[in-house]
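Data first, discussion second: the structure below is written as structure tokens.
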Amino acid sequence: MPEQGRSNRFARLAAALIAAAALPACAVVPKSQLDESLQLTRSLRAENARLKDQVVDLQAQNRDASDRALDDVRRLAARDEAIERLRRSVQEYQDDRDRLEAAYRRLAAGLGRSSDVASAPADPEGPAEPAEVH
């Protein structure tokens, strides 16, 4: 038991020495240095708040830019589809024109007017209506 009392006293003595060493250290800091650290803390908090606001603004700008980019992609896709439809339409028109020209040439050749068809320039509005034969 005397052992236990001695270790208990030793623990109290160590705690007292630590407390005594810590107290003067806090008391030694000049008030101006403490005020300076408080001012620095305030300015860092204000800077942190400003940076957080800037992050929020940049995130909003990023979302807007992403939305615009998606809209642009959709518009470009719609434009590409329209161009493809127009290209197919023109190709179909040209194929139809070639088919009608070939049919007209066959009809004209069948009627014995092959020399007229070969020498006649292509009419941009298409062939004239054939006259009715009585």
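The numbers here are math on the coordinates, done by the rules we state, and not lab data. Since this is a predicted model, take the numbers as computed values, not measurements. Cβ sites come from the backbone with ideal geometry, for glycine too, and all protein chains shown count toward neighbours.
What the table below lists for this structure:
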{"item": "Phi-based couplings in Hz for segment 55-70 (Karplus 6.51, -1.76, 1.60; Gly and Pro marked x)", "result": "4, 4, 4, 5, 5, 5, 5, 5, 4, 4, 5, 5, 4, 5, 5, 5"}
{"item": "Charge sum, other residues only, whose C-beta stays under 13 Å from residue 79's C-beta, Lys/Arg counted +1 and Asp/Glu -1", "result": "-1"}
{"item": "Residue 16 versus residue 60: modelled label distance in nm, points set 7 Å from Cα along the beta carbon direction", "result": "6.3 nm"}
{"item": "Binned Cα-Cα distances of segment 32-81, short to long, each 5 Å bin given as a whole percent", "result": "5, 18, 10, 12, 9, 8, 9, 6, 7, 4, 4, 3, 2, 1, 0"}
